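Some notes on the structure that comes next.
The values are calculated or read from the model by the stated rules, or taken from the named source; none is laboratory data. The structure displayed is predicted, hence computed values, not measured ones. Here the Cβ positions follow ideal geometry from the backbone for every residue, glycine too, while neighbour counts run over all protein chains shown. Calculation scope for accessible area: heavy atoms of the full protein, side chains included, ligands and nucleic acids excluded. Shrake-Rupley method; radii C 1.70, N 1.55, O 1.52, S 1.80 Å.
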2 protein chains.
Amino acid sequence: MAESMKGLKRTHRCGELSGANVGETVTVMGWVQKQRNKGGIIFVDLRDRSGLLQIIFEESDCGADSFAKAEKMRSEFVIAIVGKVEKRAGAVNENLATGDIEIRAKETRILSEAETPPFPIEADSKTKEDLRLKYRYLDLRRPDLQGNLILRSNITASIRRFLTEEGFLEIETPILGKSTPEGARDYLVPSRVHPGTFYGLPQSPQLFKQLLMCSGYDRYFQIAKCFRDEDLRADRQPEFTQVDMELSFVDVEDVIDVNERLIKEVCKDAIGLEVSLPLPRIKWIDAMNRYGSDKPDTRFGMELTDVSAVVSGSGFSVFTSALENGGSVRGINAKGQGSMPRKKIDALVDFAKGYGAKGLAYLCIEEDGSYKSSFAKFMTEAQLADLVKAMDGEKGDLLLFAADKTNIVWSVLGALRLELGKQMGLIDDNRFNFLWVTEFPLLEWNEENNRFVAMHHPFTMPMDEDLQYMDSDPGRIRAKAYDIVLNGVELGGGSVRIFQSDVQEKMFEVLGFEKEDAYNRFGFLLNAFKYGVPPHAGLAYGLDRLVMLLVNADSIRDVMAFPKVKDASCLLTNAPDVVDGVQLEELGIALNLKEEATE
Amino acid sequence: MAESMKGLKRTHRCGELSGANVGETVTVMGWVQKQRNKGGIIFVDLRDRSGLLQIIFEESDCGADSFAKAEKMRSEFVIAIVGKVEKRAGAVNENLATGDIEIRAKETRILSEAETPPFPIEADSKTKEDLRLKYRYLDLRRPDLQGNLILRSNITASIRRFLTEEGFLEIETPILGKSTPEGARDYLVPSRVHPGTFYGLPQSPQLFKQLLMCSGYDRYFQIAKCFRDEDLRADRQPEFTQVDMELSFVDVEDVIDVNERLIKEVCKDAIGLEVSLPLPRIKWIDAMNRYGSDKPDTRFGMELTDVSAVVSGSGFSVFTSALENGGSVRGINAKGQGSMPRKKIDALVDFAKGYGAKGLAYLCIEEDGSYKSSFAKFMTEAQLADLVKAMDGEKGDLLLFAADKTNIVWSVLGALRLELGKQMGLIDDNRFNFLWVTEFPLLEWNEENNRFVAMHHPFTMPMDEDLQYMDSDPGRIRAKAYDIVLNGVELGGGSVRIFQSDVQEKMFEVLGFEKEDAYNRFGFLLNAFKYGVPPHAGLAYGLDRLVMLLVNADSIRDVMAFPKVKDASCLLTNAPDVVDGVQLEELGIALNLKEEATE
């Protein structure tokens, strides 16, 4: 039976007590972590979100009634204790903030009994994630998850405090919006009032925040829910949270400045990390050439080397034909891995193939200076020596090469570099390497549709010096776009926006939009631009990822209270679920399920 | 043509400059509010979100080029000006914070030209709301709307600061949730991965916040988007924002205490209003008896009087039959309205009928002491004198009576009191009367379904002293529920929750739920209760309404950036809209529209 807490008022959370409170009578409430009876004295570890506290029950102090209750207590019972804070009689528990005190119980109530939980409530649980998610209310009691969510709350509070002080206004934009066919798949919401029509849930507040700039709000931010109906990868969720901002009368440097100071403040507030400014910057083309990635993890080296010139005269047709087709040959040097067994090298080749490589050429430099290689026989000794020199190869090194279209070479070696970095233990988990990537290409050539697509989005401003190529050579235009990367993960990105209608119309032309089509999709923004629009720019962070990296969690599911699993369902509430036919009828829709193929 | 702002950096917002800056060279940017040429000198009022600033162009100072640009400027052009701050040469403008200074332009750029807007950008626009909403990006430039949204941002910042300092954690709960058939209509989101199933958008985070209490988060808050697919009334939106909180190990007094301090802090921060604590409280039954409303506007009197006992012996069958049917007869005294013309009284009768009254009995006390009345002839002089005395009637007063079931009498007179309060000018717009309404009934009898329904929701805790009536007389149980009311508007409400599974199951029984049914709907919460649940309680505010009242706006649409209109559509973006058939196919749904009846 549950007792009422009537007449009691909690005076402290468990972890708020210390030696300074010795002698005080306090009232504490929480969950029983552990109960043990040692020679007629009952010890209970009491838990709340602030920590653990030892309670001690002796029948002579607390009376028969309280003692009987203490005997009955099991893990996860919710109890209230009135008692006196004492210096701990037994050994001090160094692992506990409250390890030098204990509470001698006087009055005891059992507020709620508990069945045995399906898994233990403890940090670093080995419990299968599916079970944890089904009983998420128990999982969320674990101190590591609680720590993550407390830190997440602190991080958002810190972000808001900083941005508010910098003159940003937090303005809410709609969740029930308009579906636009560009980009990822929208979640749709059927309208009951207008049957046959649908709202779209926003993938980002992009257009609304640009409108707010047109309306003179000057500096906007929002910690906004965004939605994408995509097949989920490990670090994606159907709904995610974006720290979204937009500023007027600014250029790239202003956005970078305010965001560097934001990052510095949040890291200090949240995890006591000192970030020194300015953050390093790298141009997109350099990031690709050096790391094979537009979000390089700079916690270790092993940079890519372009050896196209060195191998162009060789007899190895894999290299030469890649060059003839306009591609390149690049390599990485896995220092000290020259004696890697053939089997492991083969595994690397397979790994590379997973990123689109046709193969991977390797060259081991043995301790005696000889080579073991998949391609040495096609090259002269002088050519090999030049290649080894270009790669900074020394005895005991393993050189790996990819030859293909440059995009593929980058992607293969970028992935291989990360994989080897992990395998070789080169990555220091305690380092936080922030990095700006700038000067992205404005456009990407889409082979499939045989046209340019916007690398960020169609509102991104070209760099001033590249505006001249808008007609003649759009592929070479760099954008006023920037990403912020932490330890190889893209934390956020943004751009200066086009604010001139003529440039915007040219941009749509380059992207192959009919003018009418552009107006159909983005008409309200283009119309807004007719009435006086300030230069503006913005940036958005993925909050879930930012928190994940700052708390060193393995998955964004560990920094969200109620995440969904890969099939976008919630194991706790069983959403999505079937609904009443009447509801559908009211919405003017019906199910239209494909029959399962049966055999 | 748009010029670039390259090489320029804004130094101040317009309203940030004052006499203290005289002599400085500054760079300001913004919108042209007004341009006029007076004898070869051009004056421009420059506007940004901080205010207006006068710019002065003289060709001898700024050169021919800048002067030519200034001549070209029209309202809503976006310009950048480098110039010197000077004491204003002409008359000081007392209406302007920057009214004693002006900027003498040196360098000028036109960043963006503007067409003539479809309505003027000015406070207190008389423009039709539909047009304003279609061009919301222009409407949002109006200083009064900007003021509202800036204040809204300040209010939420203040709420978050206070709650964070009080140990509340902000925790996000899902938007893609489970649809529950109880309550208002849910918005549904078809699932693509699980065709035939749907997510529901949350009407509130109620169940999730209770789960967070089960998980030991102790104090939770969230400024959360909520959704209801209901037909919109004047002050409703399909999506709205709730300041949602929940606390563990507390009772009614604790929730009221922290919320009173929150209200005090926010009012002071946001509008400089001093609220004195404690706030007044009224029990639900007293609120109904005195004001005919569970959200009384206490800025004026005109309270209801129960005259059932006085009229029970009269010959007026309207009164006596109401009493015989278990109802009551109550009246209000419209002081000094005794000479109200018959036509106006008839209008009040019609008004009362709109609230379910069969009629409205009236009695005017003429200046000579005689009565003009719809029912005096049915009563003796002594009875009339008693009635007038009970109503505190004096010469020149108008007494109005309703006789019916008590619920109807309350509702009719409650509405009539407000209407008369407005008509008679009794309501002081500058007063902010906060009020707690407590001790709500736990249950309401639903005539239609012939069963009890929960007045708040099925998780509301009965008052300790009424728990005993759970079986014998559930209708008389009062709940540990409380609403907070401001000037007759319900700002928020909440309750202590049931945390004992036996009480919860009894509650479901009283509500006529099958046990299985209850588990189907709320199983994850009931299961959570098995593993140790703390006593907990919470409250939620309607943020839109709170802001509306604090900024004295007429509608919540004036405190939201992008509101929807009555038919739940957005006039700016044209959402909801038709979508591609392919999208529906992917979701496993099809349109199922009723054919319009045609003649």
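Can you give the mean number of other chain Cβ atoms that lie within 10 Å of the Cβ atoms in peptide A:199-210? Intermediate values should be presented prior to the final figure.
Values: counts 14, 6, 5, 0, 0, 0, 1, 0, 2, 6, 1, 1.
Across A:199-210, the average partner-chain Cβ count within 10 Å equals 3.
What is the diffusion coefficient of segment A:244-289 in µm²/s, taking the Kirkwood radius over Cα pairs and the Stokes-Einstein relation at 10 °C with a viscosity of 1.306 mPa s?
Taking Rh from Cα pairs, D becomes 129 µm²/s.
Report the Cα centroid-to-centroid distance between segment A:307-375 and segment A:1-75 in angstrom, as an integer.
66
Across peptide B:109-118, how many C-beta atoms of other chains are within 10 Å of each residue C-beta, on average?
For this peptide, the per-residue mean of nearby foreign Cβ atoms is 4.
Along Cα→Cβ, 7 Å out, is where each label goes; now give me the distance between the ones at B:Glu324 and A:Ala385 in nm to one decimal.
Spacing of the two 7 Å Cα→Cβ label points: 12.4 nm.
Just to be sure I understand the model, the point goes 7 Å from the Cα along the line to the Cβ. What's the resulting B:Glu509 to B:Ile150 distance in nm?
That separation, rounded to one decimal, is 6.0 nm.
Averaged across orientations, what area in nm² does the convex hull of the alpha carbons in the protein assembly as shown project?
Mean shadow area of the hull around the Cα atoms is 63.1 nm².
Would you mind getting me the FRET efficiency between A:Asp429 and A:Arg281? Use the beta-carbon distance for r and R0 = 30 Å, nearest 0.05.
0.80
Shortest first, in nm, what separates the label point of A:Glu253 from those of the same position in the other copies (7 Å along Cα→Cβ)?
6.1
Give me the distance in nm between label points sitting 7 Å out from Cα along the Cα-to-Cβ direction at A:Phe43 and A:Glu274, one decimal.
Here the modelled spin labels are 4.0 nm apart.
On the accessible surface of the protein assembly as shown, probed at 1.4 Å, how many percent belong to carbon and sulfur atoms?
47
Determine, for each peptide in B:577-587, A:155-165, B:404-414, the mean count of other beta carbons within 10 angstrom over its residues, then list the peptides with the highest first.
Values: B:577-587: 15.4, A:155-165: 19.8, B:404-414: 21.7.
Final packing ranking: B:404-414, A:155-165, B:577-587.
Could you tell me how many cubic angstrom of Cα convex hull volume segment A:300-427 has per residue?
90
Expressed as a fraction of 2.2 N^0.38 Å, the rule-of-thumb size for a compact globular protein of N residues, what is the C-alpha radius of gyration of segment A:152-224?
1.36
Can you list the residues, at least 5 places off or on another chain, whose amide H is less than 5 Å from the amide H of A:Met461, using H built in the peptide plane?
A:Lys480, A:Val496, A:Arg497, A:Ile498
When all protein chains stay in place, what accessible area (Å², nearest 10, 1.4 Å probe) is found for B:Asp294?
Spelled out: B:Asp294, probe radius 1.4 Å, area about 50 Å².
Output the direction-averaged projected area (hull surface divided by four) of the convex hull of the alpha-carbon atoms of segment A:378-515, in nm². Mind showing how you got there, number by number?
Working: hull surface 50.7 nm².
Projected over every direction and averaged, the Cα hull of segment A:378-515 covers 12.7 nm².
If the label for B:Asn450 sits 7 angstrom from Cα along the Cα-to-Cβ line, what are its distances to the same label in every other copy, in nm to one decimal, shortest first?
When each copy's label point is compared with this one, the spacings are 7.3 nm.
Taking beta carbons within 10 Å but only from partner chains, what does the mean come to for residues B:150-161?
Counting Cβ atoms of other protein chains within 10 Å of each residue's Cβ and averaging gives 4.
Output ³J(HN,Hα) for segment A:361-369: one whole-Hz value per residue in order, computed from phi by the Karplus curve 6.51 cos²θ - 1.76 cosθ + 1.60 with θ = phi - 60°, and x for Gly and Pro.
8, 10, 8, 8, 9, 5, 4, 8, x
Could you pull the accessible area for B:Thr305 with a 1.4 Å probe, rounded to 10 Å²?
Using a 1.4 Å probe on the heavy atoms, I get roughly 40 Å².
With only alpha-carbon atoms counted, please give the Rg and Dmax of segment B:14-112, in Å.
11.9, 32
How large is the accessible surface per residue of segment A:14-112, computed with a 1.4 Å probe and reported in Å² as a whole number?
For segment A:14-112, the solvent-accessible area averages 41 Å² per residue.
Shortest first and in nm to one decimal, what separations exist between A:Lys405 and its copies in the other chains, measuring from label points 7 Å along the Cα-to-beta-carbon line?
7.4
Inverting the mean 1/r over all pairs of different Cα atoms, compute the Kirkwood radius of chain A and quote it in Å.
Working: mean 1/r = 0.0347 Å⁻¹.
28.9 Å is the Kirkwood radius here.
Return a whole-number percent for the relative contact order of segment A:300-427, with Cα pairs under 8 Å and 6 or more residues apart as the contact set.
Taking the mean separation of contacting Cα pairs over the length of segment A:300-427, I get 37 percent.
Going 7 Å from the Cα of A:Asn592 toward and past its Cβ, which residues in segment B:189-214 have a backbone nitrogen under 20 Å from where you end up?
Inside the label zone: B:189-199.
Set the Förster distance to 41 Å, then compute FRET efficiency between A:Ala20 and A:Ser125 from the Cβ-Cβ distance, nearest 0.05.
Numbers: r = 34 Å, r/R0 = 0.82.
The value I calculate is 0.75.
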